[in-house]
1. Any idea how many residues of the range A:28-42 are touching a Gly at 6+ places or on another chain (Cβ under 8 Å) and in a helix (DSSP H, G or I)?
2. In the set B:A41, B:A18, which member is outside any strand (DSSP E or B), within 14 Å of another protein chain (Cβ to nearest Cβ) and at pLDDT below 85?
3. Cβ-Cβ under 8 Å, sequence separation 6+ or interchain: first residue in the range B:196-219 and within 13 Å of A:D68 (Cα to Cα), partner surrounded by fewer than 20 Cβ atoms within 10 Å (Cβ to Cβ) and aromatic (F, W, Y). Which pairs?
4. Mind listing whichever residues of the range A:73-92 are within 12 Å of chain B (Cβ to nearest Cβ), open to solvent by less than 10 Å² (accessible area, probe 1.4 Å) and either assigned to a helix (DSSP H, G or I) or in contact with a strand residue (DSSP E or B) (Cβ under 6 Å, 6 or more places away or on another chain) (or both)?
5. Would you mention how many residues in the range B:269-288 are in contact with a Gly (Cβ under 9 Å, 6 or more places away or on another chain) and open to solvent by 10 Å² or more (accessible area, probe 1.4 Å)?
6. Mind checking which residues of the range B:294-317 are open to solvent by 50 Å² or more (accessible area, probe 1.4 Å) and small (G, A, S)?
7. Residue by residue through the range A:47-68, note down the ones that are surrounded by fewer than 18 Cβ atoms within 10 Å (Cβ to Cβ), more than 7 Å from chain B (Cβ to nearest Cβ) and either of a type outside the set (A, V, I, L, M, F, W, C) or under 15 Å from A:L20 (Cα atoms) (or both).
8. Of these, B:F291, B:F324, B:F352, which one is assigned to a helix (DSSP H, G or I), at pLDDT 85 or above and surrounded by 22 or more Cβ atoms within 10 Å (Cβ to Cβ)?
Amino acid sequence: MVHIENLVKRYGDLLALDHLNLDIKEGEVFGLLGPNGSGKTTAINCLLALLKYDKGTITLFGQEMHPDSYDLKRQIGVVPQNVAVFDQMTVYENIDYFCGLYIKDRTRRKELTEEAIRFAGLEDHRKMLPRKLSGGLLRRLNIACGIAHKPKLIIMDEPTVAVDPQSRNRILEGILELNRQGSTIIYTSHYMEEVEQICSRIVIMDHGRSIASGTTEELKRMIRTAETIRIEGIALTEEQLAAVKELPHVFQAGYEDQKLTVKCTSAKHNLIRVLNYLQQQEVSFGRVYSELPTLNDVFLEITGKELRD
Amino acid sequence: MAHLYKYNLLQQLREKDAMFWTLLFPIIMGALFYVTFGTSAIEMMKNIPVAAVAGENQNFETFLEEMDSLEVQVMTDEEAKTALEKGEIKGIFYCDQEPSLTVAGAQIDESILEALLKAYTENQQMMMEIGESNPLGLVAAIPAMNDYRDMVLQTSVGGNEVKDSLTYFFALIAMACMFGSLSGQLAASSLRADQSALAARQSVVPVHRMSAVVSQMLSCFTIQFANICILLLYLHFVLQISFGERWILLLPVCALGCMAGVAFGIFVGSQRLKEGIKIGILVGGTLFMSFLSGLMFGNMKDVVEHHIPILNRINPAALIADAFYSISIYENMARYRRNLLLLAAITAVLVFVSYKKLRRERYDSI
């Protein structure tokens, strides 16, 4: 459905997109994950023919995308990163306005507008001006304006930034519902939990490049970390820490502020082995956590830095 | 297109800043002018009642009767003097070989009558001299008689406070028309993806750019023209300013003036500048153009005409004010038509250049 090949975009000396390749299939919830400044929004803006790019090709629905590709644009819904609605118009008017740019039939437009209002949970706020809405409701309005016309392809650029958890959950559930209704979704975020929760396939971006891609499970299998063990309220000597590092399947161990973090490769009983060693050494400890790898671990292991930097 | 137009209209109607400048500000200025000039402006467009006492100069009597700004009654000397004493007329013209005037006071109307007589006498003298020295020259001079009449009229109103008061109000309406640029600017900025998130969103919808520009322009024009009509009604009914019998001719000027104002705003809005800078250019530019058209100094347009006439041809505010002026002063419509044509041309150029800037395009950065 969307094909991006060798896309290069420079802002002066800054290389914003470095030979980016993306291939998005119909029916996917495709996640574009990366820290701020990794090139996600630039890629989206190039895709939408808003930005000039230096090299590469972009095709949507098998056609090259141009600023005047109105037939293609009719099939796309966009939810921009920053809230983009008219301050002078009510919730209903905003949604009706954007829906009307795609849907000519007045009756159909009205139905779709009502549906979008229900979808975003804005029934009680339809006559309110955007400035009267809370941050979460405003974000929902921003989404409703982009999806009311039921597009085949929905591009959501960090739609949950600065949203309260309740609104966030509602938005994420809504995105999955849109996908069930037949829309393909491109979802950019720097929140790994969200991407992990809703995306069927993910590309991790850094410095304008795609550094890894696949399903969540595939991405996690790419790295050595299979389990992270965290133990709090522990006092270790340097010799004991060194001994932990030598335990089977442990490839990294760190000790700081009475907290021990141990990273293990895929194996059974990693936690039991570590706890057995501490018991043998008669080391007392507080809380113990065993965590499966996250996308942050994937990002950390590939780039050497935290995703949320 | 109707959908776009409807919502653009709605959005602009609720834009309080633009509505202040385009509607309230001119009304406030109008009230201030009214307080400053008193009723002189009210009187200026009313015909001045005069008596003509018949004599051997039939030409002068005909000339008086053809003057739109005069309400001439032919009387005997006795009747005229009685009427003057009662205040029914402002002056008595004696249509002798050497025309003369008797007035009872030294107010504005009397000044107009004196200036009128003076201009006629001077021009009559000029024609006689041409006839004596170069009779063939009369052939060329006679077609200029229409201009001569215009000149007489212009002179009659030109050298006194009435004209100044009038030009202030003309310049005020011109300024109000040009303040349509503020809504034009907002409209154009909303079509440039690099100006705001909303503009970027508007740039990815399947609406042809020409439709977007035209609908924005139409909605801006609708509101601006309605505002100007409200201003005219306010000036006429509240401040009691008469626009004369040919007031209907004001409307095409106002319509084209609004278009020019909106086009100016669209032109500035289509440039890649910060919002504050654009508004500064528009407010400053509008006030400067209005200044040149006589908003702060009544004779400014004449000063510009004398020194840099081209400025008066490319300044929409001056063209608007001058079109109003020509309706009030001249019977000949040539100057009125010229002003309208120039306004239309300026609007067309601004819209064309703006469209070129606003066409679907990719940006270097957003």
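1. Taking the range A:28-42 first, the residues touching a Gly at 6+ places or on another chain (Cβ under 8 Å) are A:38-40, A:42.
Imposing the further condition that a residue be in a helix (DSSP H, G or I) reduces the set to A:40, A:42.
Looking only at that region, the number is 2.
2. Working: B:A41 fails: within 14 Å of another protein chain (Cβ to nearest Cβ).
So the residue among B:A41, B:A18 that is outside any strand (DSSP E or B), within 14 Å of another protein chain (Cβ to nearest Cβ) and at pLDDT below 85 is B:A18.
3. Note: pairs meeting the criteria are B:P206/A:Y70; B:V207/A:Y70; B:H208/A:Y70; B:R209/B:Y355; B:M210/B:Y355.
4. A:K73, A:I76, A:G77, A:V79
5. 0
6. If the condition is that a residue be open to solvent by 50 Å² or more (accessible area, probe 1.4 Å) and small (G, A, S), then no residue fits.
7. We begin by selecting, within the range A:47-68, every residue surrounded by fewer than 18 Cβ atoms within 10 Å (Cβ to Cβ); these are A:52, A:54-57, A:59, A:61-64, A:66, A:68.
Subset that is more than 7 Å from chain B (Cβ to nearest Cβ): A:54-57, A:59, A:61-64, A:66.
Across the range A:47-68, the qualifying residues are A:D54, A:K55, A:G56, A:T57, A:T59, A:G62, A:Q63, A:E64, A:H66.
8. Numbers: B:F291 fails: surrounded by 22 or more Cβ atoms within 10 Å (Cβ to Cβ); B:F352 fails: surrounded by 22 or more Cβ atoms within 10 Å (Cβ to Cβ).
Exactly one residue qualifies, and that residue is B:F324.
The values are calculated or read from the model by the stated rules, or taken from the named source; none is laboratory data. Bear in mind the structure is a predicted one, so any value in this text is a computation, not a measurement. Note that we place each Cβ from the backbone using ideal geometry, even for glycine, and neighbour counts take in every protein chain shown. We work out accessible area using only protein heavy atoms, side chains counted, and drop any ligands, DNA or RNA first. Shrake-Rupley method; radii C 1.70, N 1.55, O 1.52, S 1.80 Å.
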